[in-house]
């Protein structure tokens, strides 16, 4: 497998399968780990980053999910467009490419597992799966974490737990998050009240591409803020309880739209569908908003003929780096808008 092969497949977490997949896009477990007696990545020199990389590389390459058709990429060998491609596919963070020397990523063949080396922490292990599947993500992450602990000595305190660069990650080192598609709560103007309630309960809300991004396409990523003082299952159980409430609110809002504002809802869905199937030029932000409306239409049975996987995939394929990789050349913003419209027409038809 090589990096270009990613364009030929649908990421495992975009399959549109799993529990509650009509509202819950994906689930993720991320673990932060650091090596014992080695300075944290955010304070390390280039030589120290290279030392950490040389220690963890053999351990990562030996993992079952990586050695079988997976990828191990040193970021200094990855072009700017390929780096952006990995960000758009939710496999790395922007921080990993802010300075590429001594940094790397290991990726499973189905893209459900990725492990960043020398981002904020020495290791950032991520398991990403479709639907409401936090427990499955945790089981997979725990298995990989245990395999790594047999080969690496992690910084651990009997009092504090796993030691991390950011104090909010100390303890379990775990961040559990769920990506939800909440267009009905947005349309019924309930979303701000729901977000305020979530934040008061100790969770954080981000956009489609994580920290520092807005909720484009009515996607909201909800995760725990701290991991100290709670076990992994306590964190998961807490976020599951809150997500179940948000899921119910969105269901009720969809029912309200379908009964009290059906004509207006149908008009918005079909207008969006018509534009996507016929537009010759379309921006990234417009595409995401229209795809959000169409996804809602398919979920409510207002539209037929395409599956959830196709719509989910378009949210990623229509991003700038993907379009340029498909064309195999650098594109101006206008050329990207033309290519985006062409790609959507092909997929929608």
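Please state which of the following conditions residue 99 fails to meet, knowing it meets all the rest: (1) within 25 Å of residue 169 (Cα to Cα); (2) surrounded by 23 or more Cβ atoms within 10 Å (Cβ to Cβ). With (1) within 25 Å of residue 169 (Cα to Cα); (2) surrounded by 23 or more Cβ atoms within 10 Å (Cβ to Cβ) applied to residue 99, the lone miss is (2). Within the stretch 48-65, the residues that satisfy the criterion of being at pLDDT 95 or above and buried (at least 18 other Cβ atoms within 10 Å of the Cβ) are 49, 52, 53, 56, 59, 60, 63. Filtered by the rule that a residue be surrounded by fewer than 22 Cβ atoms within 10 Å (Cβ to Cβ) and either within 18 Å of the chain's Cα centre (by Cα) or more than 30 Å from residue 293 (Cβ to Cβ) (or both), the stretch 176-198 gives no residues. Which one of these does residue 105 not meet: (1) surrounded by fewer than 20 Cβ atoms within 10 Å (Cβ to Cβ); (2) touching a strand residue (DSSP E or B) at 6+ places or on another chain (Cβ under 6 Å); (3) not in a loop (DSSP other than H, G, I, E, B)? Condition not satisfied by residue 105: (1). Can you pull out every residue in the stretch 224-252 that is closer than 21 Å to residue 20 by Cα, in contact with a strand residue (DSSP E or B) (Cβ under 8 Å, 6 or more places away or on another chain) and part of a helix (DSSP H, G or I)? Scanning the stretch 224-252 gives 235, 236, 238, 239, 242, 243, 246, 247, 250. Annotation: of all residues in the stretch 292-309 being surrounded by fewer than 19 Cβ atoms within 10 Å (Cβ to Cβ) and within 18 Å of the chain's Cα centre (by Cα), the one that is nearest to residue 11 (Cα to Cα) is 309. Just one of the listed residues (45, 11) is assigned by TED's automatic domain parsing to the domain that holds residue 136, at pLDDT below 95 and more than 30 Å from residue 328 (Cβ to Cβ), namely 45.
Every test in (1) over 20 Å from residue 339 (Cβ atoms); (2) more than 18 Å from the chain's Cα centre (by Cα); (3) part of a helix (DSSP H, G or I) is passed by residue 287 save one, and that test is (1).
Just checking, does the stretch 177-189 include any residue being touching a strand residue (DSSP E or B) at 6+ places or on another chain (Cβ under 6 Å), touching a residue at least 60 places away in the same chain (Cβ under 8 Å) and closer than 28 Å to residue 40 by Cα? Don't jump to the end; show me each part of the working.
In the first step, residues of the stretch 177-189 are kept if they are touching a strand residue (DSSP E or B) at 6+ places or on another chain (Cβ under 6 Å); the result is 177-182.
Okay, now just the ones that are also touching a residue at least 60 places away in the same chain (Cβ under 8 Å), so 177-182.
Filter once more, so that each one left must be closer than 28 Å to residue 40 by Cα: 177-178.
Within the stretch 177-189, one or more residues are touching a strand residue (DSSP E or B) at 6+ places or on another chain (Cβ under 6 Å), touching a residue at least 60 places away in the same chain (Cβ under 8 Å) and closer than 28 Å to residue 40 by Cα.
Filter the stretch 49-82 for residues that are in contact with a helix residue (DSSP H, G or I) (Cβ under 9 Å, 6 or more places away or on another chain), in a helix (DSSP H, G or I) and free of Cβ contacts under 8 Å to residues at least 40 places away in the same chain and give the result. Passing the criteria: 67, 75, 80. Only residues that are part of a helix (DSSP H, G or I) and farther than 23 Å from residue 86 by Cβ: list them for the stretch 298-336, please. The answer is 298, 299, 308, 334.
The values are calculated or read from the model by the stated rules, or taken from the named source; none is laboratory data. Just so it is clear, the structure is predicted and the values come from calculations on it, not from any experiment. Ideal geometry is used to build each Cβ from the backbone, glycine not excepted, and the neighbour counts take in all protein chains shown.
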